[in-house]
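Since every read-out is calculated from the coordinates, none of them should be taken as a lab result. The model shown is predicted, which means the values in this text are computed figures rather than measured ones. Virtual Cβ from ideal backbone geometry, glycine too; neighbours counted across all protein chains shown.
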Amino acid sequence: MSWKRYERFKAREHRGKHVGGPGKADYVRGAIKGEVKHREKPLTRTEVMRLARNGIREVESLGGYTQKAKEYVNTYRPYMKLFKRGRRQ
């Protein structure tokens, strides 16, 4: 599946509207913005921090997350939700 189809599929799965585009969230559901990452490499702490600063509250990653990224979210951003292949991390 291409990255664009994956983004649209995950937006529907999270019951959001696919928005996309540079500098925008990939999907929006009410006031909640979500980002979809279609890549095998896990997201690092720095990348998750950057998403949090941009107001992203849900992140769906095909490759998962590093342990430091999970610790960061649990410690500093408890409102943020991390998903890997549809399951919460």
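Which of the following residues is within 12 Å of the chain's Cα centre (by Cα) and among the hydroxyl-bearing types (Ser, Thr, Tyr): TYR65, TYR79, TYR6, TYR72? Outline the logic, then answer.
On the way: TYR79 fails: within 12 Å of the chain's Cα centre (by Cα); TYR6 fails: within 12 Å of the chain's Cα centre (by Cα); TYR72 fails: within 12 Å of the chain's Cα centre (by Cα).
When all the criteria are applied, what remains is TYR65.
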When you look at LEU51, is it in contact with a helix residue (DSSP H, G or I) (Cβ under 6 Å, 6 or more places away or on another chain) and crowded, with 16+ Cβ neighbours inside 10 Å, yes or no? no
Filter the stretch 26-48 for residues that are over 20 Å from PRO78 (Cβ atoms) and of a type in the set (A, V, I, L, M, F, W, C); the one that is surrounded by the most Cβ atoms within 10 Å (Cβ to Cβ) is VAL36
Please determine, by comparing only the residues of the stretch 1-43 that are aliphatic (A, V, I, L, M) and part of a loop (DSSP other than H, G, I, E, B), which one is nearest to GLU60 (Cα to Cα). ALA25
Looking at (1) touching a Ser or Thr at 6+ places or on another chain (Cβ under 8 Å); (2) assigned to a helix (DSSP H, G or I); (3) buried (at least 19 other Cβ atoms within 10 Å of the Cβ), which is the one condition that is false for LEU82? (2)
